[in-house]
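The values are calculated or read from the model by the stated rules, or taken from the named source; none is laboratory data. Predicted model only: the values in this text are computed from it and were never measured. Methodologically, a virtual Cβ is constructed for each residue, glycine included, from the backbone with ideal geometry; neighbour enumeration extends over all protein chains shown.
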Amino acid sequence: MITGGVGLFASAVQNTLTKRNVGPMGVFTRSGGTIGIFAAMGGTYEFVKTASANLREKNDHYNVALGGFFAGAILGIRVRTFPAVLGYGTALAVCTGAYEYTGGLFGKKPKDLEVDEFDRRTKIRTTYRSPAEQTFAELGEGRGIYAPGYAERRSERIKEAYGIEVPTSPAPAS
């Protein structure tokens, strides 16, 4: 759907750049093939990428490159020559494979392919958990963090410092 939307946008741009007025339906009638090509490229890319990942039982940049090759070949079919099919396919495979291999952004460290994503996320969720006693010891009490027995300790501190007796239980509502 995303690449189909991009194709619709490209078709609309083509329609507005024509020398003669073809009307608003020209997006679909005159340059509607662009929408189909873009939608087919997106669907082919995702299908081949997912199918190769399932068949190879690996999730790496080769799957993306294969998907890119077949999507580029779809674009090359529009030219109707075999060298164009291979050229467009190879160009898109190299671009998408390199993009994925570098971690999505050029210069960014690639992600570790040996670590299972579910295990990694489970580890992240459990790493930050610490016992409540440790949290109270590190942060102290107050600001919404109160350990059991806080009311009694507060009452004792106020009595020592100011000599005022503070009830630990709330006053009954009347």
Counting only residues that are hydrophobic (A, V, I, L, M, F, W, C) and in contact with a Ser or Thr (Cβ under 8 Å, 6 or more places away or on another chain), how many does segment 123-174 have?
3
Only one of Val6, Val64, Val13 is without any contact (Cβ under 8 Å) to a residue 24 or more places away in the chain, of a type in the set (Val, Ile, Thr) and either touching a His at 6+ places or on another chain (Cβ under 9 Å) or assigned by TED's automatic domain parsing to the domain that holds Ile77 (or both); which?
Val13
Could you run through segment 56-84 and say how many residues are surrounded by fewer than 19 Cβ atoms within 10 Å (Cβ to Cβ), assigned to a helix (DSSP H, G or I) and among the β-branched types (Val, Ile, Thr)?
1
Is at least one residue of segment 102-109 in contact with a Lys or Arg (Cβ under 8 Å, 6 or more places away or on another chain), more than 18 Å from Thr3 (Cβ to Cβ) and surrounded by 15 or more Cβ atoms within 10 Å (Cβ to Cβ)?
no
With the checklist (1) at pLDDT 85 or above; (2) assigned to a helix (DSSP H, G or I); (3) surrounded by 11 or more Cβ atoms within 10 Å (Cβ to Cβ); (4) out of contact with any helix residue (DSSP H, G or I) (no Cβ under 7 Å at 6 or more places or on another chain) in hand, flag the one item Thr135 doesn't pass.
(1)
Does segment 109-131 include one or more residues that are more than 29 Å from the chain's Cα centre (by Cα), over 30 Å from Met41 (Cβ atoms) and modelled with pLDDT of 75 or more?
yes
